Amino acid sequence: MPDQNNKDTARPVGYKLYLKMVLQHSDIPKRTIVFYTVLSGIVNAVLLSVLNAAANSAGEGEVQVKYLLLFAIALTVFYITKRYILRKSVTIVENAVYSLRLRILEKLRHCELSPMESIGKDEIFTRVSNDTNFISQSAAVIINAFQALVLVTFALIYIGFLSLTAFIATILILVVAISYFLRRQNEINQELRAANKNESAFYDHIENLIEGFKEIKINHLKNEQLFADVKKTADYGKEVKTSSGLRFAVGYMFSEMVFYLLLASIIFLLPQFQTLYTGTLTRLTASILFVIGPLENIVTTIPLFAKAIQATQNIDHLERKISAFAENETPKSYPPLPPFEEIKLENVVYDYMDEDRQSSFTLGPINFTLKKGSLNCIIGGNGSGKSTFLKVLTNLYHPASGRILVNGTELRNFNKEDYRFWFSTIFTDFHLFPKIYGIPNLNADKVNEYINLMGLSHKTHFNGTNFSNVRLSTGQRKRLALICTLLEDKPIMILDEVTADQDPGFKKFFYTEILPSFRLKGKTIIMVSHDDKYTEQFDRVIEMEYGKIISQ
Ligand SMILES: Nc1ncnc2c1ncn2[C@@H]1O[C@H](COP(=O)(O)OP(=O)(O)OP(=O)(O)O)[C@@H](O)[C@H]1O
């Protein structure tokens, strides 16, 4: 589903994209930024040429006041412009990163579940955290390099003014050195891409090592084999990064050597071919020496700029992916959802797709009716599709075909968010938030009452905002999730294996006390359970096999 709001679908080329991303939230016009950057570069050039001229005239015993005055003016303008541009660049970049992060996360929270699952948490985390950080850190360096470029341009003009031959020689040498460096940089970039892929594999290993710590502590063979894989990946990373580092060093050295050769040829050869005025050779030498520093700055910033562009493209790619799957709900255009009476699934089918867009598992066709106030139990073997069915029922996954009818009207006539708001869910992979979100006017006493009811008062209590302790066992954490579900007080509760990690005492309490209390409150329950001995507590038992309901 393409993003209706994102009309600008043509992707700008790398550096334009970078500029667009960095400058889009700037309150200063682009022209002003360029003006100050260029002015600061020019004044920097003036500053150095005044010093150069003053040094020469000092040698000739002339009065220095004129140069001193010029120096003072240039230094003041340089200070003001450079300070302005550096301060503004920090604000602009941090604004850009701030807006970018919030914009992506804003889009992400409106994204559908299945594309979000397919993008994966690693990519989202890397882009939103690492790549945006990189853009933020590289901006000041890039601005400095841009000023260095202005400086070099003016220095070259000055060299041309002193000697046309020296100017042509310098330009030629510059073209050779920079194109050699850039060619090397292309090779380096290829290696860096390989290093990046390898880095992701290395992160995976670290995750396995941390997440699987218990397993590797128990089994030293696992520990050693995993570490052998870690080492293999680290070895490859070292190899690629060393190779690219060496290439960079050689390229850099070559560029430096070429400059010394340029200097030597101007000092030793130029006077043989051209008559130079007194002091011109000294000025030329000083100017070329003066160009080397800023040029180094520019050349070493090129890889950083390339990486910043890559980071921008990565972020843009993620943003486009998320935008393409963002829900385009316009709540005001939907009629209000009536109170829940019945949900009907007619021939509903849902497919999980593999990387080749082939179905790896099909749920359905499902025909099912959920009536208000009913207690429903879903049973079935592992992988029979119970959780998938619940995600389709709650509209977290959208059916590939079939209809969902809400009180007799098709669901697509209503706002999906309103529909989902009917449900309280505890999925098998539920997340316990550190705060209780989504419950207005939360009554702390009521929360603590539930904590007591669930037998957790010796472990935790609610302080008005947070639970005092969430470092609990799996079963205890599920009881806390159940408390949140009770507090939400929705008409339909989805409970996916909530009793799976509970002790027999709590199971009995749940099925004989809590469940009947739900019935009394008129709640509708769908619960996945493997507790055969309590199935008589439900109005209906739905059995699933290979993605289908085989009895209900
Ligand atoms: N995010 C996913 N992407 C692709 N396939 C999935 C995904 N989640 C589940 N599946 C596949 O769908 C099938 C049904 O999974 P589901 O989790 O619905 O089964 P279940 O009946 O709840 O299993 P269990 O009792 O083990 O929890 C499985 O074969 C599983 O491999």
### Query
Taking the stretch 524-552 as the region of interest, how many residues are closer than 17 Å to Glu342 by Cα, open to solvent by 10 Å² or more (accessible area, probe 1.4 Å) and in contact with a helix residue (DSSP H, G or I) (Cβ under 9 Å, 6 or more places away or on another chain)?
1
### Message
Condition first: open to solvent by less than 10 Å² (accessible area, probe 1.4 Å) and in the same structural domain as Ile525 (by TED's automatic domain parsing). Can you find one or more residues in the stretch 428-437 that meet it?
### Response
no
### Query
So which of Leu51, Leu70, Leu102 is touching a helix residue (DSSP H, G or I) at 6+ places or on another chain (Cβ under 6 Å) and in the same structural domain as Leu162 (by TED's automatic domain parsing)?
Leu70
### Message
Step by step: first the residues of the stretch 337-364, then only those that are touching a strand residue (DSSP E or B) at 6+ places or on another chain (Cβ under 8 Å) and free of Cβ contacts under 8 Å to residues at least 12 places away in the same chain, then the one that is farthest from the ligand (Cβ to nearest atom). Which residue is that?
### Response
Ser359
### Task
Please indicate, with yes or no, whether at least one residue in the stretch 67-75 is of a type in the set (A, V, I, L, M, F, W, C) and open to solvent by less than 40 Å² (accessible area, probe 1.4 Å).
yes
### Summary
Here the qualifying pairs (Cβ atoms under 8 Å; residues six or more apart or on different chains; first in the stretch 17-28 and open to solvent by less than 20 Å² (accessible area, probe 1.4 Å); second polar (S, T, N, Q)) come out as Leu17/Thr312; Leu17/Gln313; Tyr18/Thr312; Met21/Thr312
### Task
State whether the residues of the stretch 454-463 include one that is under 32 Å from the mean Cα position of the chain (by Cα) and open to solvent by 70 Å² or more (accessible area, probe 1.4 Å).
no
### Residue ID - farthest from the ligand (Cβ to nearest atom), chosen from residues in the stretch 533-552 that are touching a residue at least 40 places away in the same chain (Cβ under 8 Å) and charged (D, E, K, R)
Asp539
### Task
Return the total of residues in the stretch 484-514 being within 16 Å of the ligand (Cβ to nearest atom), at pLDDT 90 or above and of a type in the set (A, V, I, L, M).
2
### Task
Name every residue in the stretch 239-253 that is closer than 24 Å to Asn130 by Cβ and surrounded by fewer than 14 Cβ atoms within 10 Å (Cβ to Cβ), in order of residue number.
Thr242, Gly245
### Summary
Flagged in the stretch 175-232 as open to solvent by 90 Å² or more (accessible area, probe 1.4 Å) and touching a residue at least 24 places away in the same chain (Cβ under 8 Å), in numbering order, are Tyr203
### Message
Between a residue in the stretch 474-501 that is over 20 Å from Pro516 (Cβ atoms) and open to solvent by less than 10 Å² (accessible area, probe 1.4 Å) and any residue that is part of a strand (DSSP E or B) and more than 16 Å from the ligand (Cβ to nearest atom), which pairs come within a Cβ distance under 9 Å, given they are 6 or more apart or on different chains?
### Response
Leu480/Phe467
#### Entry: Unmet requirement for Asn133, which otherwise passes all of (1) more than 30 Å from Tyr350 (Cα to Cα); (2) free of Cβ contacts under 8 Å to residues at least 12 places away in the same chain; (3) exposed (fewer than 14 other Cβ atoms within 10 Å of the Cβ)
(2)
### Task
Name the one entry in Lys446, Lys386, Lys391 that is within 27 Å of Phe510 (Cα to Cα) and open to solvent by 50 Å² or more (accessible area, probe 1.4 Å).
Lys446
### Query
If we scan the stretch 39-60, do we find a residue that is under 23 Å from Ala286 (Cα atoms), modelled with pLDDT under 85 and open to solvent by 80 Å² or more (accessible area, probe 1.4 Å)?
yes
### All positions within the stretch 365-389 that are in contact (Cβ under 8 Å) with a residue 40 or more places away in the chain, within 12 Å of the ligand (Cβ to nearest atom) and among the small types (Gly, Ala, Ser)
Gly380, Gly381, Ser384, Gly385, Ser387
### Query
Could you say whether any residue in the stretch 249-267 is over 27 Å from Ser163 (Cα atoms), within 26 Å of the chain's Cα centre (by Cα) and assigned to a helix (DSSP H, G or I)?
no
### Contacts under 6 angstrom Cβ, first residue in the stretch 103-120 being within 16 Å of the ligand (Cβ to nearest atom), partner open to solvent by 70 Å² or more (accessible area, probe 1.4 Å) and outside any helix (DSSP H, G or I), 6 or more apart
none
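The values are calculated or read from the model by the stated rules, or taken from the named source; none is laboratory data. Just so it is clear, the structure is predicted and the values come from calculations on it, not from any experiment. Don't worry about glycine lacking a Cβ; one is built from the backbone with ideal geometry, like all the others, and counts go over all protein chains shown. SASA here: full protein model, heavy atoms, side chains in, ligands and nucleic acids out. Shrake-Rupley method; radii C 1.70, N 1.55, O 1.52, S 1.80 Å.
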